[in-house]
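Trainee: Encoded as structure tokens, here's the structure I'll be asking about.
The values are calculated or read from the model by the stated rules, or taken from the named source; none is laboratory data. Treat the numbers as computed from the prediction; the structure is a model and nothing was measured. A quick note on method: Cβ atoms are made from the backbone with ideal geometry, for glycine too, and the neighbour counts reach across all protein chains shown.
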Amino acid sequence: MVFHENYRQGYRYYSRLVLLAAILCLTAGCTADAPGPASPTAGPTSSVTEWLDKAETAAGQMANYAFELHLNQQLSGESDEDRSNVKIDMQGRVERSPLKLDQTIKSDIDGEKSTLRAIVVPDAYYMYLPEYEEWNKLGKEVAAENVATLSDFQVDPKKALQNIRALGNALAVEPNEKRISVNYEGVGEEASSFVARVLGSTLGLSGTETEIKSSLALRKLKVSMNLDAEKHWPLSYRIESDFTIELEPGRKTVVSQALAGTYNKHNATAAITVPKEALKALDPDEMDEQLDLQ
């Protein structure tokens with residue numbers, strides 16, 4: 001029974017870690033409703049629209065790819081206990097249909113370092129826990145929660161581009177021979193709406209877009225997406241943002257963060273497979289049922 005209890009504690013800890021890593025990555029583009037400079041009144045140039053059209057088409061044709069994602073985040077609140085420094089690095093491969101993901105997550109949260117490998121396949125979510133030197137399988141409920149919080153920048157580049165397109169009038173394009181850069185900088189209403197949509201869909205926040213926006217206060221947002229000038233698919237991105245958000249009613253958290261990522265090996269990655277050792281992992285749902293019977 002001691003083994004079972006230690007296993008369950010470790011399982012819960014790493015489940016929370018995976019969920020935290022996903023949430024932190026998903027919030028990297030958050031902005032808000034604080035008063036700020038007005039957005040440019042001119043509509044997006046035809047070149048911006050045309051490049052985004054081409055990019056979305058190309059991204060939709062990315063059946064598989066490799067990616068890297070890096071997040072640096074500083075959080076502060078009303079007391080020193082609310083301060084936190086977070087660094088998360090992800091590296092992995094994605095297959096789009098059906099969704100499969102094989103990624104390694106390295107995190108440093110206030111000096112506490114952790115590494116884990118996560119594999120997502122239809123109807124299953126596996127993790128390799130270095131501390132226990134073994135594979136584990138998430139329960140269906142926890143697995144569904146984690147999959148729901150995966151960032152579009154990880155697993156759906158086309159949707160990520162559509163979210164960037166929604167920034168609208170303030171978008172600008174900088175072309176060169178090999179790369180096209182689509183950029184945004186501002187704190188206008190479109191940024192608040194953009195963030196409200198992201199938070200509503202990725203963090204599962206309840207309420208209307210207006211209600212979500214009311215808990216945010218934007219200070220800075222800079223977005224840059226680099227596209228391949230010839231093949232049009234996304235190559236890299238960077239999102240810098242400063243904002244406040246009420247993670248708890250009446251308690252504001254100040255967040256300053258930078259998210260950067262790359263895509264490579266477009267339609268050229270090795271197939272994602274589940275190691276035999278992972279397939280032998282205990283199913284926590286079945287284990288809970290067995291423990292309940294004891």
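Trainee: One residue is enough: does the range 249-266 have a residue meeting the conditions in contact (Cβ under 8 Å) with a residue 12 or more places away in the chain and assigned to a loop (DSSP other than H, G, I, E, B)?
Mentor: Yes, that holds for at least one residue.
Trainee: Still on this model: Among residues belonging to the range 175-188 that are part of a loop (DSSP other than H, G, I, E, B) and surrounded by 19 or more Cβ atoms within 10 Å (Cβ to Cβ), point out the one that is modelled with the lowest pLDDT.
Mentor: Gly188
Trainee: What's the number of the condition Asp152 fails, among (1) at pLDDT below 95; (2) more than 20 Å from Ser181 (Cα to Cα); (3) acidic (Asp, Glu)?
Mentor: (2)
Trainee: Hey, could you check the range 163-174 for residues that are part of a helix (DSSP H, G or I), more than 15 Å from the chain's Cα centre (by Cα) and not small (Gly, Ala, Ser) and say which is surrounded by the most Cβ atoms within 10 Å (Cβ to Cβ)?
Mentor: Once the filter is applied, the top-ranked residue is Arg165.
Trainee: For the range 189-209, indicate whether the set of residues that are among the small types (Gly, Ala, Ser) and at pLDDT 85 or above is non-empty.
Mentor: The answer is yes; a qualifying residue exists.
Trainee: Among the residues of the range 29-44, is any outside any helix (DSSP H, G or I) and at pLDDT 50 or above?
Mentor: Within the range 29-44 (the criterion being outside any helix (DSSP H, G or I) and at pLDDT 50 or above), the answer is no, since none of the residues qualifies.
Trainee: Can you confirm whether the range 88-96 contains a residue that is assigned to a strand (DSSP E or B), on the phi < 0 side of the Ramachandran plot and either at pLDDT below 90 or surrounded by fewer than 14 Cβ atoms within 10 Å (Cβ to Cβ) (or both)?
Mentor: No, that holds for no residue.
Trainee: While we're on this one: Pairs, please: C-beta under 6 Å, at least 6 apart or cross-chain, first residue among the β-branched types (Val, Ile, Thr) and in the range 230-248, second part of a strand (DSSP E or B)?
Mentor: Ile239/Val223; Ile239/Leu259; Thr244/Ala217; Thr244/Lys252; Thr244/Val254; Ile245/Leu216; Ile245/Thr253
Trainee: When you scan the range 97-135, how many residues do you find that are in a strand (DSSP E or B), of a type in the set (D, E, K, R) and touching a helix residue (DSSP H, G or I) at 6+ places or on another chain (Cβ under 8 Å)?
Mentor: 1
Trainee: Taking the range 236-271 as the region of interest, how many residues are small (Gly, Ala, Ser), under 19 Å from the mean Cα position of the chain (by Cα) and farther than 30 Å from Glu81 by Cβ?
Mentor: Here the count works out to 2.
Trainee: Shifting gears a bit: Being more than 19 Å from His232 (Cα to Cα) and not charged (D, E, K, R) is the filter here, so list the residues in the range 167-190 that pass it.
Mentor: Within the range 167-190, Leu167, Gly168, Asn169, Ala170, Gly186, Val187, Gly188 meet the criteria.
Trainee: Here's a follow-up. Could you figure out which of (1) outside any loop (DSSP other than H, G, I, E, B); (2) at pLDDT 85 or above isn't true of Asp285?
Mentor: (2) is the only condition that Asp285 fails.
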